[in-house]
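The values are calculated or read from the model by the stated rules, or taken from the named source; none is laboratory data. These numbers were taken from a predicted model, which means no experiment stands behind them. A quick note on method: Cβ atoms are made from the backbone with ideal geometry, for glycine too, and the neighbour counts reach across all protein chains shown.
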Amino acid sequence: MLRPTPTLASKLSKLGIHKPLPLSSRDAHKLLGLLKTSFRKHLDEEHGPSEASTAEDSLTNPSRPAPSILKPGSRQHPADRHFHAMLSNPLFTHAVVPGKFTGNRHEIFNQTVAAGGMNIELATRYLESVEAVKTSSSIECLKTDLKNSGAGLKVLQWLRSSGLSNGLEFLENDRFTRILMRFLVAEGLGDMAWAWVAKSLTISSSQPTPSIPENRLRIPLQFLIRAQVRLEMGITEACTLLRKASSLLRSLSFPRPLQDHIIYSARDSIIWNYLKYHSRMSPATEESYDILYSSLPNKPNDQKYFIFKAHLHLLHPTKPTAQPAMDILSTWQPSSEIRGNMTDEQLKKERFIIINLGLDLTNFLLTHDRIDEADWVMEYLSSNFPSALGVSKKLTQKRADATSEISSLDLLGALDMKIA
């Protein structure tokens, strides 16, 4: 307690003001009661009446009915919810860092965070261990499993609490970013992932371009787009995100070629997954189809984009047509000179998209009772890609011999008719 200095005491004495006499025990208790009542009243006004205060009121005022006892998990007032949100954060959970993620993975994650031992590598292993425990191999079940786990939200809370989400350096870890994007999309937190990507691109645009690795700019968006396509089982959300990313990049100070490369990488991720898994996906809307098709460039020296366009024509939501795909197959040759400078990996990818196009084209032709054209496509595929389709050369040769024999018999039959 502060005591007046001699100078102040002498001044008070001259003014006729004396030091307050000490309170009696009874007066002290009365003052304490008034302070407690006033403080409790203030809390009730700010955050609603507490269980203790309402119970005490019911004792002092019998005419006022006592409230029902609150359940342990109930938090009816904003202050209660606020304190619970803080105290339930993994950072405030007392624990010891475990050796590895076995048993109750979520509890182990909370314990590791509480002990201050969590890092990007451990968070990645945690998400991978949760994803590995899946009830089925189907995409629908995988999305449900990831959503129900809540692991993405836990990692998101840790990133926020630790301050790592402020700098966004965690996006430089491809393994962590790839799996985190899958969890966030499955748990309905894709908007948060997009906010990180957009912030990262915006910050990077203000830095000298040569100091920024190109893959650091495109990979996070590419991982997010891929997760959207695969887990949403459709291209609508991914195409909307692609348009938002394109609009953002056009407003930033990146050189135009770099902007195009970032968008093209994300767009190719949509196309590859759509053309490969479209039969399992929900039908594309005309709007999303137009966004995807219009984003394809015209590159005369890149046959891949002509194949993509032909395949998209085949999958148009309202007006599908097979002619562009037929034109591609009738002109594409494995030994074409344009492929002389292509790497083995590029050749492998091109063969895959040609086979994929041919199989979808065959299905389309059979569905529309164009049997002869479908047979020509199947013959084309089995002749050019026997190993990829699991067709042995011996079987291919037998079919060719049989076809030749049938043609010879037809010719002989025609000759017999003419002789007769």
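Worth a mention:
- Scanning region 184-229 for residues that are of a type in the set (Lys, Arg) and either under 26 Å from LYS134 (Cβ atoms) or under 10 Å from the mean Cα position of the chain (by Cα) (or both) turns up just one, ARG226.
- The requirement of being among the charged types (D, E, K, R) and within 15 Å of THR236 (Cα to Cα) is fulfilled nowhere in region 294-304; no residue meets it.
- Condition check for PRO208: of a type outside the set (D, E, K, R) and under 29 Å from GLU287 (Cβ atoms): no
- In region 244-266, the residues that are touching a residue at least 40 places away in the same chain (Cβ under 8 Å) and either closer than 13 Å to ALA227 by Cα or hydroxyl-bearing (Ser, Thr, Tyr) (or both): SER246, SER253, SER265, ALA266
- Within region 279-371, helices (runs of 4 or more DSSP H) holding 2 or more residues that are surrounded by 14 or more Cβ atoms within 10 Å (Cβ to Cβ) and modelled with pLDDT under 90: 303-314, 344-367
- Hey, LEU70 among the aliphatic types (A, V, I, L, M) and at pLDDT 90 or above or not: no
- Of the residues making up region 227-236, those that are surrounded by fewer than 22 Cβ atoms within 10 Å (Cβ to Cβ) and within 16 Å of LEU296 (Cα to Cα) number 0.
Each row is one residue, and each column tells you yes or no for (1) crowded, with 17+ Cβ neighbours inside 10 Å; (2) touching a Leu at 6+ places or on another chain (Cβ under 6 Å); (3) without any contact (Cβ under 8 Å) to a residue 60 or more places away in the chain; (4) within 16 Å of VAL130 (Cβ to Cβ).
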{"position": "CYS141", "(1), (2), (3), (4)": "no, no, yes, yes"}
{"position": "GLY152", "(1), (2), (3), (4)": "yes, yes, yes, yes"}
{"position": "GLY163", "(1), (2), (3), (4)": "no, no, yes, no"}
{"position": "LEU168", "(1), (2), (3), (4)": "no, no, yes, no"}
{"position": "LEU171", "(1), (2), (3), (4)": "yes, no, yes, no"}
{"position": "THR177", "(1), (2), (3), (4)": "yes, yes, yes, no"}
{"position": "ARG182", "(1), (2), (3), (4)": "yes, no, yes, yes"}
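- Just one of (1) closer than 22 Å to LEU142 by Cα; (2) modelled with pLDDT under 90 fails for ALA238. It is (2).
- Scanning region 237-262 for residues that are surrounded by 21 or more Cβ atoms within 10 Å (Cβ to Cβ) and within 25 Å of LEU357 (Cα to Cα) yields ALA238, CYS239, LEU242.
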